[in-house]
Amino acid sequence: MRFATPLALVFLAASALSLSGCATIGGANYYSVDQEWELGQQLEVELNSQLRLANDAALTGYVRNMGQRMVRQTTFGDRPWRFYVVADDAINAFNAPGGLVYVNTGLIASVGSAAELAGAIAHEIAHGIERHGTQRVSAANEANLLASVVLGSDPNAAAQIATQIAAQGAFARFSRSDEREADEIGVQLMAATGYDPEGLALLLERLAEQEQGGGIEFFRTHPLSSERMETVRQLAARVDRRGLRMDESGFASARRAAQRY
Ligand SMILES: [Zn+2]
């Protein structure tokens, strides 16, 4: 698959750097992939008890299926990934370490097409496979808290982290370069799965328009720089879009289900 090679290279390069102890471009990551997935198992339990998950099997199933198809295009496809829908009006989605992706009903209800939703989910998966979350906290104060979850030294640490995530709508505050990387990989992921990457550009434009009215949570957690939309447009334009889709069966009823929350 044309997508597997560049991604594998990115991953191998990042692993080689962290093994040798050198800082990666975004900073060193103190956590191994195994540790991150172990952490994810604990965070999943805590987050799912603290967040109000949407109790709609068809809606959750649709989002999960979309996410799993994209994950299978990556070198992290053999790891368990979990996708959840949160009953929350705020337009947001986030990735937490260890293959966790949460999408708010507010985001699903507001997108115009399956490809726009795929854009948001691809972007979150990209943060996950680039391990931006653990990379960010490796450089921040939360590193100790995270380490105590991995080491099992503080039984309340996972709950504390989950509380922070629930309050902030994000695991970590991403940098502009994190966002650029997540958009870039997201575009490739979408195309590899059959979604038109134009969807990500449309999503950002739609949200930026609504942002004029204030308070789009997605931009608080995933900063929108002035050149971000233009860059995504250029990335999407480079993709051979023949055969890629904007819509699909199942999307309209999933959006209606999300709008009921
Ligand atoms: Zn982001």
Next item on the list: Mean Kyte-Doolittle of at least -0.5 plus a Cα span of 18 Å or more along the axis: flag which DSSP H helices in the chain meet both, please.
Entry: 4-19, 57-71, 114-129, 198-211
Notebook entry, point to check: What order, most packed first, do the peptides 149-155, 233-239 have when packing is the mean number of other Cβ atoms within 10 Å of each residue?
Noted result: 233-239, 149-155
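Could you order Asp78, Asp34 so the one with the most accessible surface comes first? Probe is 1.4 Å.
Numbers: Asp78 130, Asp34 95 Å².
My answer, sorted largest first, is Asp78, Asp34.
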Margin query: Calculate the FRET efficiency for Glu227 and Tyr30 from the Cβ-Cβ distance with a Förster distance of 25 Å, rounded to the nearest 0.05.
Written below: 0.20
Checklist line | Part-to-part distance (alpha-carbon centres) for region 215-247 and region 151-213, which is given in Å | finding: 12 Å
Item checked: Using a Förster distance of 35 Å, the FRET efficiency for Arg245-Ala166 (Cβ separation, nearest 0.05) -> 0.55
Next item on the list: Report the residues of region 115-130 in range of a label on Arg238: point 7 Å along Cα→C-beta, backbone N strictly under 13 Å from it.
Entry: none
Item checked: At R0 = 30 Å, FRET efficiency that the Cβ-Cβ distance of Ala58 and Gln212 yields, to 0.05 -> 0.35
Check: Most fluctuating residue of Ala87, Ala159, Ala57 in a GNM of the chain with Cα springs under 10 Å: which is it?
Finding: Ala57
Notebook entry, point to check: Can you work out ³J(HN,Hα) from phi for every residue in region 87-96, in order, using Karplus 6.51 cos²θ - 1.76 cosθ + 1.60 and θ = phi - 60°, giving whole Hz and x for Gly and Pro?
Noted result: 6, 8, 5, 4, 7, 7, 8, 8, 10, 10
Next item on the list: Indicate the gyration tensor shape class of region 103-259 (rounded, prolate or oblate), computed on the Cα atoms with a ≥ b ≥ c the square roots of the eigenvalues: a/c under 1.5 is rounded; otherwise a/b larger than b/c is prolate and the rest oblate.
Entry: prolate
Next item on the list: State, to one decimal in nm, how far the label point of Asn48 lies from the label point of Glu205, with both points 7 Å from Cα in the Cβ direction.
Entry: 3.8 nm
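The values are calculated or read from the model by the stated rules, or taken from the named source; none is laboratory data. Source: prediction; values computed, not measured. Counting neighbours? That spans all protein chains shown, and the Cβs are built from the backbone with ideal geometry, glycine included. Just so you know, the surface numbers come from the protein's heavy atoms only, side chains and all, with ligands and any DNA or RNA stripped out. Shrake-Rupley method; radii C 1.70, N 1.55, O 1.52, S 1.80 Å.
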